Each structure stands twice: as C-alpha cells, then as structure tokens.
Amino acid sequence: MFGSDNQAPAHPRVLEAMLAANSGRCGSYGDDPWTVRALDLLYEVFETRDLDAYFVGTGGAANGLALSALCPPWAAIMAHPHAHVLEDEGNGPEFFTSGSRLVALGSTGLLVQPEEIEAAAARHSPDFVHGLQPRAVTLTNLSESGQAYSPDHLRAISAVCAKQGWVLHVDGARFANAVAGTGASASDLSWRAGVDALSFGLTKNGAVAAEILILFGKARTKAAAYLRKRAGQLFSKHRYLAAQAVAMLEDGLWLNLAGHANQMARDLGAGFERIGASLAAHVHGNEVFVRLDASNVAELQSEGISFYPWATLGLDTYRFVASWQTTAQDVELVAKVLAD
C-alpha cells in the first residue's frame with residue numbers, strides 16, 4: 001500500500017492515450033505526431049525552447065545518459081552519499097559513461113550544501129593528473145530522504161559548479177512532487193536555477209514507462225542522441241513513449257497527480273504525529289519517514305500495509321510512499337491500526 005509509488009498502476013488517461021496512439025501507421029524513432037506534441041508541451045511546461053528532450057524507458061537510463069552526455073570517461077561525478085545513482089542503479093552511470101567515477105560528497109545532512117561542493121573542489125586540483133577530476137554534480141529532487149531543493153538552494157549549488165566549470169544534473173524521478181510541494185515552477189527548479197540536465201520522471205507519477213532526459217542551454221549536445229541509440233534506448237515505436245508524456249503533461253495532469261500524492265503524504269505524516277510517532281524528516285513531497293517501534297511495525301504488517309525500513313535515517317525509521325492512487329481511506333487505515 002505504501003511500499004512505493006512504483007507499485008501503483010498507470011493512470012487511466014495514460015493507458016487511454018497509448019490505446020489511441022495504437023492506430024494506423026506513422027513514422028518511427030520519434031518521427032510521429034505524438035512526439036511533436038510532447039515536445040511542444042515540454043516547451044510550455046519549462047517555458048523555453050532552449051532544450052533538447054530524449055524519451056527513454058527507465059530513470060536509470062535517463063540518469064546514465066545525462067551523465068554520459070556531459071562527462072568524459074576520465075571524469076568524476078559528485079553525489080550525496082545516499083544518492084540513488086550511487087546506491088541503487090547497479091553501477092549504471094559508470095556503465096553509461098564508460099568509466100566516469102561516482103564519488104560521494106562529504107554530506108552529513110539530508111541535502112547537499114554548496115560548501116560541501118566547494119570543499120570537494122578544494123580537494124581535487126585540476127593540475128593533479130593522478131587524482132580525481134570532477135566534472136559534474138548530481139542531485140536528486142526530491143532527495144533520497146524526501147526533501148525538496150528550493151530554487152535558491154539550487155542556484156547556490158549551480159553557482160559553485162559554474163565557478164569550477166562543472167555541470168549540474170538533477171535526478172527528477174519525483175520532480176513532479178518537488179514542483180507540487182515547493183509551489184515553484186518547473187523552470188524555476190531547473191534551468192532558471194542553473195540546472196544543465198534533468199531526468200524528468202513520469203513513471204512514478206502515473207505513467208507506464210516514460211522518462212525524459214532534458215538538456216538545457218549550453219548543455220545541449222548531439223552526443224546525447226548517439227548515446228541514446230548506442231544504449232538501446234531509442235525506441236522504434238516511439239509514439240507509445242510520447243503518448244504517455246502527452247497524457248501526463250496535457251491539462252496539468254502530472255501536477256494534479258503529484259499534488260494529490262503529496263497531500264496524502266502530509267495527511268499520513270500528521271496522523272503519525274497525532275499518535276505520538278516522530279517524523280525523521282519533513283514531508284516535502286509524497287514520502288513520509290517515521291520512527292516506529294517494533295510493535296507498531298508488526299501491527300501494520302499484520303494488516304497487509306506495506307512500507308520499507310530506511311536505515312540511513314535510523315534503524316527505527318521507515319519509509320511510507322503515497323501515490324496518485326492513494327486514498328484518504330488508505331491513510332485512515334494506518335491511523336486506525338496504530339490507534340487500536
């Protein structure tokens with residue numbers, strides 16, 4: 001029930017859009033009207049045409065391709081110690097980049113701080129041929145602990161990156177939840193804040209399998225097109241990826257679904273606090289991290305309520321994730337089980 005937003009089904013409008021696209025013949029590999037429409041919608045959402053968008057099937061592919069397009073094989077990529085690219089992608093970025101090394105920043109908090117990047121830059125001199133040569137910083141928004149980077153926070157980090165000549169990538173598997181939670185625009189949480197590349201995730205938010213690698217401004221490079229093909233992520237029947245994006249982006253469905261999931265998470269967090277459980281992190285999006293004792297855990301599991309232990313925030317900490325399909329009744333069930 002609260003194990004992951006990946007466990008929720010696709011939204012009906014996404015399936016309807018794919019079925020509507022499943023008629024007649026059209027061009028392949030992105031030469032189709034659905035891809036044209038999806039690109040137009042992306043220009044609207046991000047308020048710029050100074051971007052390139054590459055549709056792929058998984059978030060891992062979007063992250064790996066973004067970093068491979070921006071970093072040479074001898075480079076280093078700096079990330080939070082618990083970043084998804086470091087802990088949960090099976091060395092995928094190293095595979096896609098043909099050797100760029102992922103390096104954990106000295107972060108001790110829930111979000112990467114500008115001074116931590118400055119400290120990393122001081123440790124790695126570009127004149128020292130024997131050492132690491134950082135070329136990128138990758139952030140996750142929402143972060144691995146459900147925290148949102150604000151536009152100001154991103155601008156401060158991008159300023160440090162620009163000073164060093166590094167690029168800034170954002171893993172946006174839950175980018176919709178970050179936008180809905182902060183109230184900032186998609187553009188303010190991306191290129192206007194100095195983000196060079198964004199992995200724009202739709203799958204966790206109601207798509208079947210649709211992620212978009214977006215390169216902004218000076219980061220636009222044709223290398224991304226060749227790398228996507230080389231990686232086997234240029235789908236021949238591209239219309240089905242694009243149709244999902246069209247369904248999600250039209251009429252703001254992506255934000256409505258994320259906003260609902262965020263509200264369910266806020267309600268769940270408030271319910272935990274009412275029974276005296278403490279939250280391990282603020283609820284900024286659709287994830288709740290709560291400290292529970294063993295008896296609470298057993299009670300919830302006995303009712304078939306799924307959730308994950310989250311040891312990075314403490315051995316007694318558990319993650320609950322709301323989705324577009326989460327209902328008020330789901331939230332109330334958790335409160336009822338713990339109150340009884």
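Points worth noting:
- At 1.567 mPa s and 4 °C, Stokes diffusion of the chain via Kirkwood alpha-carbon radius, µm² per second: 63 µm²/s
- Proximal lysines to Lys163, defined as alpha-carbon separation beneath 16 angstrom and excluding residues fewer than eight positions away on the same chain: Lys218
- Of the residues Ala53, Ser4, Ala298, the one whose Cα sits farthest towards the positive end of the charge dipole of the chain is Ala53 (charges of +1 on Lys and Arg Cβ, -1 on Asp and Glu Cβ, taken about the Cα centre).
- Whole-Å distance, taken between Cα centres, linking the stretch 256-334 and the stretch 20-69: 34 Å
- Most to least packed among 114-120, 166-172 [average Cβ atoms within 10 Å]: 166-172, 114-120
- The equivalent ellipsoid that matches the C-alpha gyration tensor of the stretch 243-340 spans semi-axes of 27, 14, 12 angstrom, in descending order.
- Counting only Cα atoms, the size of the stretch 66-108 along its three principal axes is 28, 18, 14 Å, in decreasing order.
- Against the compact-protein benchmark of 2.2 N^0.38 Å, the Cα-based radius of gyration of the stretch 68-174 scales to 0.99.
- Normalised per residue, the accessible area of the chain is 42 Å², obtained with a 1.4 Å probe and no contribution from ligands, DNA or RNA.
- Kirkwood hydrodynamic radius computed over the stretch 1-139 comes to 18.1 Å, based on all pairs of distinct alpha carbons.
The values are calculated or read from the model by the stated rules, or taken from the named source; none is laboratory data. Being a predicted model, the structure only gives us computed values, none of them experimental. Note that we place each Cβ from the backbone using ideal geometry, even for glycine, and neighbour counts take in every protein chain shown. Ligands, DNA and RNA are excluded from the accessible area calculation, which covers all protein heavy atoms including side chains. Shrake-Rupley method; radii C 1.70, N 1.55, O 1.52, S 1.80 Å.
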